[in-house]
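Working notes, beginning with the structure itself.
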Amino acid sequence: MVSGISKKVIFLSFLFINFPQPSKSAVFAKINKNINTQNTKSIWSNFYKKKTLPSFSKNYNDTNLYLNLLLKNLEPILVAKAEEQQELIIQSDRQFEINDVIQAEGNVLVSYRGKLLKADNLIYDKLNKKISAKGNVSLELGDQFFKVAQLEYSFISKKGYLLDVEGSINTSTLIEDLSSNFSLLDSKKIENLLEVKKKEVLNTPSKIENWLFFTDKISIDGQKWESKKAVFSNDLLESKQVKLAINSLKVISEAEKLRFNSSINYLIFEEKVSIPFWLGDRTLTKSGEFFDFANRWNLGYEKLDKDGYFIGRKFNSIDISDDFVLDLEPQFLINRFLKGYTKSFVKKDESITSDRVKRNTSFEDYFALKSQIRGKIKNWDLEIDKNLNSFDFNKFSDAFRFKTKLSKEIDLLDSEWEKSFYGIYRERVWNGSLGEAEIYSGYGSKLKKENTWIVDGIKKSELLSLGLANITAEALNTKQLVTNLKGNLFYSLDQKFPISIVNPKKKSIDISYKYIPEPITKGLSLNTRLQASYSFYENGDHQEYLGLGIGPELIFGNFRNKTFDYTRINLLPFYKFDSGESVFKFDQNYEDLTLNIAFDQQLYGPIILKSFGILNLTKDSNDYGEFIDSKISLNWKKRSYEVGIFYQPHNQAGGISFSLYGFKNL
């Protein structure tokens, strides 16, 4: 196996760049020269000197039958030898060589290091070191598969091309598939992959790894290949719902990674609506996280920090070093600009916990900046998030917000935990009917374990965390800032008990599923929630609670018809048995009784209304009978994507949401 992507072809053309140089052909045995023999193979090596052929009865009168049986017994030897010596095997119905030009016709199968190529016709010019294939060309490499009308490649100039390319790629295994060896027996797998678009697929929640890929031509030049236009789609059934048109695509192979560059690109919905976006310079590594096509334009609503509507545009990621990238999103604050004043800041020289007041704006107040630095320090993941809500440096201490987290996965007590260290400067926290609270600064460490599993049809989700932090934040009963050391132990267990459930006959979907990425599980379930928390503080204060909740969830409809074919209703009353008191406002246990309400309803076709709220039922609370947390959205939901507009009344924030759904083959 060759180490390093730079020694392999990039993406589609890796098979040919990795071929052994034909200058070694002097030691190759010349088989079937100037002949036309049925079911023959060319094995370019001198291994016959080391292997003896199996013996057969001399009673065979049919030469072709003898040859077929001979080759059948040779195949295990050829496979083992090819993988051991990394040599090339050509198998076809007819094969001949004239003037050092090998021609193979009919069911051509080429294997090199287990990488497989099928074609109707193949020509290899040993003198000019040039290979070409055409007619139903297919290429299989682990989880990567491609169909090509014609290809040509020169080992001297290291240039070539591929025509009418379509295929499927898996970003999570692409790098490894360029390096791995596979058995020749995997050639049978190609027969199942000839149809790039599938008849049935399975949804892969929370991740997109498989993509359909189309382009008219790929030009190869050394370690670089280019395409004027390449189309990607996450929908393995068809590409009409959503696709990404990448223009002027360039891919450069470097050590252990592939670097991508393109010009302006388009996100195309239903082949009617096109939204431009830019990828810039992107890198695909073994993590497979290159294909992150989140919309770079951000239209949102944030009243408290940005005075209302704003629009942002994410820049291309900037490589700070090999291990760190910087993301920047400048924002223009529309409402602040139109009004000419701001209510997002306290009076000059006042405490940050004071009430916000109306202040005149300057030109610098109309702009904001959101940034993030991501990377690795050895086996630790580092994230640094910064928000600057005004470029007026006289307001810097009020406008700047900062959060950083250093984390990694560890094994503890036969379980996987997340260990993290964090730091905070100026964080807003919404605490139910107590409203907004301010954390001025803080740093600490947390150990957290999350687990989800199913037992006898009962879905269980568990969370356990332990934390210790030094915090400066708004006091519980005054506007003053107080500093205290806080420790916390928290446990949560959510369970879903099936009462009367109708499971779908199969988990896969076909093209008839227009609106959903997976079949609906209908019926009545009973949800339960158990929570326990204990917090202690340096000054001796403490607070604790035990919370219990139980309520029904009803789902009916299939979301396949055009009107009112899907409804979801979820009710969860939750009661806390609490005691004690916090030093701070942001974490005080306040509401004893709440009711969680969720309601989703298909209206027409892909249009669905989604809503969620927490209703305060604590009688001695000032906000009794009001929603202390809420979100409502109107979404356009399709099999392969979902886009919507949402608003959160409790903190007066909103925006546009967009997501793609992932699939895999059966």
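Of the candidates 468, 476, the single residue that is on the phi < 0 side of the Ramachandran plot and open to solvent by less than 50 Å² (accessible area, probe 1.4 Å) is 476.
Looking across region 646-666, just one residue is open to solvent by 30 Å² or more (accessible area, probe 1.4 Å), among the hydrophobic types (A, V, I, L, M, F, W, C) and in contact with a Leu (Cβ under 6 Å, 6 or more places away or on another chain), and that is 656.
Of all residues in region 560-592, which are in contact (Cβ under 8 Å) with a residue 60 or more places away in the chain and assigned to a loop (DSSP other than H, G, I, E, B)?
Residues of region 560-592 in contact (Cβ under 8 Å) with a residue 60 or more places away in the chain: 581-588, 590-591.
Answer for region 560-592, where residues must be in contact (Cβ under 8 Å) with a residue 60 or more places away in the chain and assigned to a loop (DSSP other than H, G, I, E, B): 581, 582, 583, 585, 586, 587, 588, 590, 591.
Scanning region 144-160 for residues that are assigned to a strand (DSSP E or B) and either open to solvent by 10 Å² or more (accessible area, probe 1.4 Å) or free of Cβ contacts under 8 Å to residues at least 24 places away in the same chain (or both) yields a total of 8.
Cβ-Cβ distances below 6 Å connect the following pairs, each with a first residue in region 358-386 that is without any contact (Cβ under 8 Å) to a residue 24 or more places away in the chain, a second residue that is among the hydroxyl-bearing types (Ser, Thr, Tyr) and open to solvent by 50 Å² or more (accessible area, probe 1.4 Å), and a separation of six or more residues or different chains: 358/341; 360/341. For region 238-254, filtering for residues that are open to solvent by 10 Å² or more (accessible area, probe 1.4 Å), in contact (Cβ under 8 Å) with a residue 60 or more places away in the chain and out of contact with any Ser or Thr (no Cβ under 7 Å at 6 or more places or on another chain) leaves 2. The condition of being open to solvent by 60 Å² or more (accessible area, probe 1.4 Å) and among the basic types (Lys, Arg) does not hold for residue 522.
Restricting 445, 492, 461, 465 to residues that are hydroxyl-bearing (Ser, Thr, Tyr) and farther than 24 Å from residue 585 by Cβ narrows the list to 461.
Of the residues examined, residue 352 is not one that is hydrophobic (A, V, I, L, M, F, W, C), more than 25 Å from the chain's Cα centre (by Cα) and within 29 Å of residue 613 (Cα to Cα). Looking at (1) modelled with pLDDT under 90; (2) open to solvent by less than 50 Å² (accessible area, probe 1.4 Å), which is the only condition residue 407 fails? Just one mismatch for residue 407, condition (1). Candidates 572, 548, 554: the one that is within 16 Å of residue 501 (Cβ to Cβ) and touching a Ser or Thr at 6+ places or on another chain (Cβ under 9 Å) is 554. For residue 445, the conditions (1) in a strand (DSSP E or B); (2) within 29 Å of residue 334 (Cα to Cα) are fulfilled apart from (2).
The values are calculated or read from the model by the stated rules, or taken from the named source; none is laboratory data. This structure is a prediction, so every number in the text was calculated from the model and none was measured. Neighbour counts run over all protein chains shown; Cβ positions are idealised from the backbone, glycine included. Keep in mind that these areas ignore ligands, DNA and RNA; they rest on the heavy atoms of the full protein, side chains included. Shrake-Rupley method; radii C 1.70, N 1.55, O 1.52, S 1.80 Å.
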